[in-house]
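Remarks on the structure that follows.
The values are calculated or read from the model by the stated rules, or taken from the named source; none is laboratory data. Just so you know, these numbers come straight off a predicted model, no measurement behind them. When we count neighbours, we look across all protein chains shown, and the Cβ atoms used for this are built from the backbone with ideal geometry, even at glycine.
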Amino acid sequence: MIGVAAKEDEKKIVSEFFELFKTPWEFLKSDRRYSVIISTQESASGLDGELILIYNSENIQFDIEKRTNVTAAPQRGALLKIKGMQIPIYGKTCTFDTVEKSTKNLATIAGRVAGLKVSMANGNVIRIGFDLFQEIKHLLTCGQPVEFSQIPTLDLHISILREWIVESGIPLVEIPPVPSGYRFACCLTHDIDFAGIRRHKFDYTILGFLYRALLGSMRNVITGKGSWTKLCRNWKAAIILPAVYMGIVKDFWMPFDRYREIEKDFHSTFFIIPFKNDPGLEHNDKTCTRRATRYDCSDIREEIKSLLLQGCEIGVHGIDAWRDAVKGRREFERIHEITGVFVSGIRMHWLYFKNQSPQILEEAGFRYDSTLGYNDAVGYRAGTVQVYRPIGAKKLLELPMNIQDTALFYPDRMGLNEVEAWGLIETLLDQSGNLGGALTIIWHDRSLAPERLWCDIYIKLIDHLRKLNAWVDTASRVVRWFDKRRSVVFEDVCFSKNKVNLRITGNPDEDVPDLMVRIHKPKPGVSTGTGLGSVEKACHDIRFANVLNAEYPI
């Protein structure tokens with residue numbers, strides 16, 4: 001059991017942190033002894049545990065007593081080097097200049113010690129020069145800047161904490177963010193912004209298409225970012241455009257059948273616009289006419305029906321829901337009217353969002369949102385690949401968006417070629433294989449067709465997901481799995497010398513994969529196998545449905 005001594009204003013953050021690091025914990029009680037104590041308070045006196053972790057950026061009483069000598073005034077923003085990794089710290093930090101022989105350096109900032117281990121008579125203390133829960137709050141509210149987008153910062157905080165505990169010889173039980181029988185979860189999602197090129201004549205969209213198909217394709221061949229084959233396909237598409245308008249040739253911006261052909265048994269989520277010709281309002285209460293679409297859900301009624309029959313999900317591609325609960329409810333009801341099924345999820349068009357959006361979307365009736373991500377990068381906006389509850393929301397969950405096609409390929413964004421893009425995608429897939437979680441991917445409606453032709457890399461991605469044994473399903477079902485994990489209650493976890501007694505309960509949602517109970521065995525000096533590197537595993541996994549009451553050897 002972990003006991004947490006946190007500041008009063010950190011308690012909601014602490015609770016959410018331990019939904020992501022799903023292990024037995026409670027706020028510190030003075031009348032019991034804990035195996036592990038985490039403290040962010042100014043006073044660490046009177047704490048009694050085998051391992052005490054003190055996260056604080058100030059010169060506290062412990063530093064004075066143990067002569068850890070805080071040598072740098074608190075400062076904001078730093079890169080923490082630890083266990084061969086670099087982790088951005090967004091709040092205040094401090095470093096130490098210890099003179100005690102009983103200390104061991106664990107982490108550095110700018111070459112100075114920022115984490116150390118102090119041997120005590122009745123256990124060990126790990127002193128870290130930043131506030132863990134303030135870091136978690138920053139990640140779940142402000143998010144990460146683009147330069148650190150590819151670092152799963154929050155998940156690394158969990159991984160390092162886990163390793164410190166197990167390396168100290170203390171066994172640990174957790175419910176990892178990994179569906180039983182799989183390596184990680186993955187959501188394939190598609191934002192439907194156009195639904196056919198026939199709807200666009202002599203407008204900005206067509207001018208952009210012709211420019212990129214004719215001139216952009218040639219530029220890509222010259223710069224090595226495109227092939228002659230794609231250039232010919234794009235020029236052909238531009239030439240036959242009049243025949244598409246006349247209905248002689250199939251509209252190549254209607255992607256639904258092609259996506260189902262590629263994905264086969266994988267079920268994906270399509271976010272559909274509720275109202276056409278409505279640009280909505282921006283942050284400054286002004287409008288941008290380019291944000292309005294030429295179609296809405298009623299125009300693709302038959303396509304929606306076909307997708308639902310094939311097991312796919314329809315979500316709302318929201319316009320004003322991010323800023324107005326009444327308008328959000330109208331968007332929710334409009335999609336429900338067309339689909340005839342309960343609509344649980346939303347992703348905002350152009351990824352519009354603000355700090356109050358989770359509460360607004362919750363009030364509008366949504367169960368999950370999948371907006372939080374980057375338009376100009378790929379990676380981890382909130383520092384995690386897990387589904388989490390945004391601060392201020394009571395029921396709504398956030399499914400972070402990790403990989404967006406236009407972010408990878410657009411010249412004014414990352415501007416990668418397919419080789420570079422695949423290398424980056426593979427890195428994120430590898431990280432998911434080590435960390436678990438739910439990797440969420442956007443491939444837009446136009447992206448398989450001229451002028452983009454990003455189909456080859458998408459086919460490669462689908463094939464790779466099969467080889468990696470990922471659980472690929474709709475966004476709503478993946479969110480349900482994480483909701484099932486959040487429902488777990490550790491009623492009793494009791495370690496003795498060679499065994500552990502477990503009594504654990506959870507939500508019996510049999511329509512999604514089972515959970516796992518992971519028992520980390522105390523092997524000092526051996527990694528838990530849950531970080532990003534290739535390391536030896538020292539844990540035992542048990543399949544868990546909704547009740548577990550048993551004894552296991554360790």
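Remarks
- In the set (1) outside any loop (DSSP other than H, G, I, E, B); (2) aliphatic (A, V, I, L, M); (3) exposed (fewer than 14 other Cβ atoms within 10 Å of the Cβ), Ile248 fails one condition alone, (1).
- Qualifying residue in the stretch 112-123 (condition: assigned to a loop (DSSP other than H, G, I, E, B) and at pLDDT 90 or above): no
- Residue in the stretch 279-296 that is assigned to a helix (DSSP H, G or I), in the same structural domain as Ile346 (by TED's automatic domain parsing), touching a Pro at 6+ places or on another chain (Cβ under 7 Å) and free of Cβ contacts under 8 Å to residues at least 60 places away in the same chain present: yes
- Filter pass, Val419 being more than 19 Å from the chain's Cα centre (by Cα) and either part of a helix (DSSP H, G or I) or assigned by TED's automatic domain parsing to the domain that holds Asp509 (or both): yes
- Residue list for the stretch 195-248, restricted to those being within 19 Å of Leu416 (Cα to Cα) and basic (Lys, Arg): Arg212, Arg219, Lys225, Lys230
- Checking each residue in the stretch 417-444 for being within 23 Å of Pro255 (Cα to Cα) and modelled with pLDDT of 95 or more picks out Ala421, Trp422, Ile425, Leu439, Thr440, Ile441, Ile442, Trp443, His444.
- Within the stretch 438-453, being closer than 22 Å to Thr371 by Cα and in contact with an Asp or Glu (Cβ under 9 Å, 6 or more places away or on another chain) holds for Ile441, Ile442, Trp443, His444, Asp445, Arg446, Ser447.
- Test for Ala407: is it among the small types (Gly, Ala, Ser), at pLDDT 95 or above and under 22 Å from Asp430 (Cβ atoms): yes
- Top-ranked residue of the stretch 82-104 - restricted to ones that are part of a strand (DSSP E or B) and at pLDDT below 90, ranked as surrounded by the most Cβ atoms within 10 Å (Cβ to Cβ): Phe96
- Tally of residues being surrounded by fewer than 16 Cβ atoms within 10 Å (Cβ to Cβ) and of a type in the set (Lys, Arg) across the stretch 416-446: 0
- Taken over the stretch 1-57, the criterion of being in a loop (DSSP other than H, G, I, E, B) and polar (S, T, N, Q) is satisfied by Thr23, Ser30, Thr40, Gln41, Ser43, Ser45, Asn56, Ser57.
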